[in-house]
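What follows is one structure encoded as structure tokens, with my remarks underneath.
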Amino acid sequence: TTFPGKVNYGLQFTNLGRFTILPGGFPIIINGNVIGGIGISGGTSEQDEKIGLDSIAYFKSKTNLQVKTNF
């Protein structure tokens, strides 16, 4: 559950309740196309988000691909 002032708070109240708040999921976008994604769970929202962003940065550093990392 996300609390007021935290990442994605309030999303659960949109779209007739069809969203679940699970921070830590990120698309992998190359040349404007979503080619996959990464999902992290188990820590706090902030920890999951940091691990996800660090993972994408690592992937980007190990390939010659231009991966979008600013979400």
Considering only residues that are polar (S, T, N, Q), more than 11 Å from the chain's Cα centre (by Cα) and open to solvent by 90 Å² or more (accessible area, probe 1.4 Å), look in segment 57-71 and name the one that is farthest from residue 5 (Cα to Cα). 64
The residue that is nearest to residue 30 (Cα to Cα), considering only those in segment 41-56 that are assigned to a helix (DSSP H, G or I) and open to solvent by 50 Å² or more (accessible area, probe 1.4 Å), is 53
When residues of segment 1-53 are filtered for being modelled with pLDDT of 80 or more and either over 30 Å from residue 64 (Cβ atoms) or of a type outside the set (S, T, N, Q) (or both), how many remain? 25
Sort out which residues of segment 24-40 are crowded, with 16+ Cβ neighbours inside 10 Å and either touching a residue at least 40 places away in the same chain (Cβ under 8 Å) or over 18 Å from residue 9 (Cβ atoms) (or both), and write them in order of number. 26, 28, 29, 40
Extreme residue, modelled with the lowest pLDDT, among residues of segment 57-71 that are outside any loop (DSSP other than H, G, I, E, B) and of a type in the set (A, V, I, L, M): 67
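The values are calculated or read from the model by the stated rules, or taken from the named source; none is laboratory data. It should be emphasised that the depicted structure is a prediction, and the values quoted were computed from it without experimental measurement. Virtual Cβ from ideal backbone geometry, glycine too; neighbours counted across all protein chains shown. We work out accessible area using only protein heavy atoms, side chains counted, and drop any ligands, DNA or RNA first. Shrake-Rupley method; radii C 1.70, N 1.55, O 1.52, S 1.80 Å.
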